[in-house]
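A quick write-up on the structure given underneath.
What follows draws every value from the coordinates through simple rules; no lab data is involved. If you're wondering where the values come from, they're calculated on a predicted model, not measured in any experiment. Neighbour counts run over all protein chains shown; Cβ positions are idealised from the backbone, glycine included.
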Amino acid sequence: MTNTIQDEFIATVSHELRTPLTSIRGFSQTLLSSWDKLGDEDKKKFIKIIEEQSNRLINLVENILSVSKINTDKPIFKKVDVNNSISEVVQLLGQKYKNHFILTDFTADLPPALLDEDKFIQIMTNLVDNACKYSEEGKNVKISTSYYDSEKILIEVKDEGVGIKINDKSKIYDKFIRLENHLTSKTQGNGLGLYITKRLVEEMRGKIDFVSEEGKGTTFELIFPIYNQEEAMACSQLS
Ligand SMILES: Nc1ncnc2c1ncn2[C@@H]1O[C@H](COP(=O)(O)OP(=O)(O)OP(=O)(O)O)[C@@H](O)[C@H]1O
Ligand SMILES: [Mg+2]
């Protein structure tokens, strides 16, 4: 990072840190000083805010660590069964988004891809998390896998959510960008997920794109190379 970008980054991060910290401090102080005067409902409400703001901080710190590791943590390429890794992500996020239907449509005989498995799981987690976060409860999120061509696989994450305006297409992968829609204001996030996702996809020689219709939903598409031994050797020499 150049100095100006780094200064800007630090300024934004400090702001992002200060907002939840101020709120945690404020509600803790109120709880401590007015405990006897507050009703149970209010106490519960304040503690809930403290919990939400702590989660926001944890998410931010984890994302900042991921950003800082992008250039230093080189991928460890392996044979990865993407259907298997996606199933892990679906299981985990199914617990977080109990009121969404996270479905899969896997091509059964899909060959392994040449990927860093942890980074691939991080990519899928970000995309499926967004698909649930930016669609209403009760909606479907569908993840499918297929052949793109004889050398590549295609993974799609399709939601029935708010959609992304065509004008926002160029900025969606920028740092700290959150688009304006009624679900962005209701949900937590720092706008780092897609920035990290795109960097990780490209680091693993993949491609990411999306198609979207406002109010109807969005489909993110990932393309990754299929595993082959020569490429695997070349990649391990690079990293
Ligand atoms: N599937 C989607 N449907 C509609 N809007 C989306 C979708 N995915 C991302 N967005 C929009 O793009 C913005 C950037 O997404 P990104 O994942 O980078 O950040 P975030 O989800 O706000 O926060 P973070 O991922 O850091 O917790 C979101 O705030 C949201 O407005
Ligand atoms: Mg996100």
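Given a Förster radius of 22 Å and the C-beta distance between residue 140 and residue 182 as r, what FRET efficiency does 1/(1 + (r/R0)^6) yield to the nearest 0.05? Approximately 0.65, to the nearest 0.05.
Remark: the residue 4-residue 170 segment gains 57.6 nm on full extension, using 0.36 nm per residue and subtracting the alpha carbon distance. Under the definition of Cα pairs under 8 Å and six or more residues apart, what whole-number percent is the relative contact order of the stretch 125-239? So the answer I get is 30 percent. Can you classify the stretch 63-157 as rounded, prolate or oblate using the Cα gyration tensor, where a ≥ b ≥ c are the square roots of its eigenvalues, rounded means a/c under 1.5, and otherwise it's prolate if a/b beats b/c and oblate if not? Oblate shape, in that a/c is at least 1.5 and b/c is the bigger or equal ratio. Spin-label model, residue 90/residue 148: points 7 Å from Cα along the beta carbon direction are separated by 2.1 nm. In the chain, helical runs assigned H by DSSP with n ≥ 4 each contribute -39500 (n - 2.57); averaged across all residues and rounded to the nearest 500, the mean residue ellipticity at 222 nm is -17000 deg cm²/dmol.
Most simply put, the stretch 85-188 has about 60% antiparallel DSSP beta bridges, counting only bridges with both residues inside it.
Between residue 216 and residue 49, residue separation times 0.36 nm minus the direct Cα-Cα distance comes to 57.0 nm. Name the shape class, rounded, prolate or oblate, that the alpha-carbon gyration tensor gives for the chain, where a ≥ b ≥ c are the square roots of its eigenvalues, rounded holds for a/c under 1.5, and otherwise prolate holds if a/b is larger than b/c and oblate otherwise. Prolate.
Taking the longest Cα principal axis of the chain as reference, the axis of helix 193-203 is set at about 20 degrees.
Among beta bridges identified by DSSP and lying wholly in the chain, the antiparallel ones come to about 85 percent.
Remark: the residue 81-residue 38 segment gains 10.1 nm on full extension, using 0.36 nm per residue and subtracting the alpha carbon distance. Computed over the chain, relative contact order equals 20 percent, with contacts defined as Cα pairs under 8 Å that lie 6+ residues apart. Just to verify a number: FRET efficiency for residue 209 and residue 231, C-beta to C-beta distance, R0 = 22 Å, to 0.05? So, using R0 = 22 Å, E works out to roughly 0.50.
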